[in-house]
Amino acid sequence: MEQHHDPTLVRTHEITYRSIPGAKLHDLHLQLTNNLNSTYDLLICCVLITEAYERYDLSQGHYRVPFRVVRPNPNFDIGRFCDRFVDFAAHCQQIAPNLTVLLFIPPALDLVYHNETLLRSFPRDISVAYATQLEFRPARLHRDSVDRNIMLRDLIAVEDWAQDTTTTFYTDSAVKISNMKRRIEDFTKGDILTYGANGFL
């Protein structure tokens, strides 16, 4: 986001970016007092990728270094996340009373291409282990990624989120007028399993 930021598009606000790689909601809680004060009126929270997906170590400790790929987090509980995020937003608003908290809902991630790119630098036996696990078969991984995205977008319809101070949005709404619309529809339907180098991860 920061590298594509155009300050002329939002002249009424000063925009500040804070990157905490791999951070989950709990980590953001711990960082609030260092990065938030009463002058802020808008916070966009990009934490769903690290919550709803996980980096899985294919080596399972058999190598000195991990060889990680990405998959939907099997332990992700959307109900618990909702409760935690509402609590997080309330905590933010104690620090900045005029703050609106926006939850960034990412588009469906192209895990097939992302993981295959990682595998190019992995040892052969690790690549073989990846290929033999059913959850990483391209059709299965693609379907699980799309299903996870549908689950996340359904947050918009959850009644508990219908509050003036907490809003959700998703990034792929803009593609309705872009030349990616057809490819995204094909990806969502499973007609294609990967975007290749033009994916979202």
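Quickly run through the stretch 74-108 and pick out the residues that are of a type in the set (Gly, Ala, Ser), touching a residue at least 40 places away in the same chain (Cβ under 8 Å) and in a helix (DSSP H, G or I). Result: Ala89, single match. So, Ala129, is that one in contact (Cβ under 8 Å) with a residue 12 or more places away in the chain and surrounded by 21 or more Cβ atoms within 10 Å (Cβ to Cβ) or not? Here the answer is no, as Ala129 does not meet what is asked. Of the conditions (1) surrounded by fewer than 19 Cβ atoms within 10 Å (Cβ to Cβ); (2) modelled with pLDDT of 90 or more; (3) of a type outside the set (Lys, Arg); (4) in a helix (DSSP H, G or I), Leu141 clears all except one; give me its number. So Leu141 meets the others, but not (1). Each residue in the stretch 57-87 was checked for being touching a Pro at 6+ places or on another chain (Cβ under 9 Å) and among the aromatic types (Phe, Trp, Tyr), and 2 pass. In the stretch 1-53, of all residues being acidic (Asp, Glu) and more than 29 Å from Asp147 (Cβ to Cβ), the one that is modelled with the highest pLDDT corresponds to Asp41.
The values are calculated or read from the model by the stated rules, or taken from the named source; none is laboratory data. All values reported here derive from a predicted model rather than from experimental measurement. Using ideal geometry, Cβ is built from the backbone for each residue, glycine included, and neighbour counts are taken over all protein chains shown.
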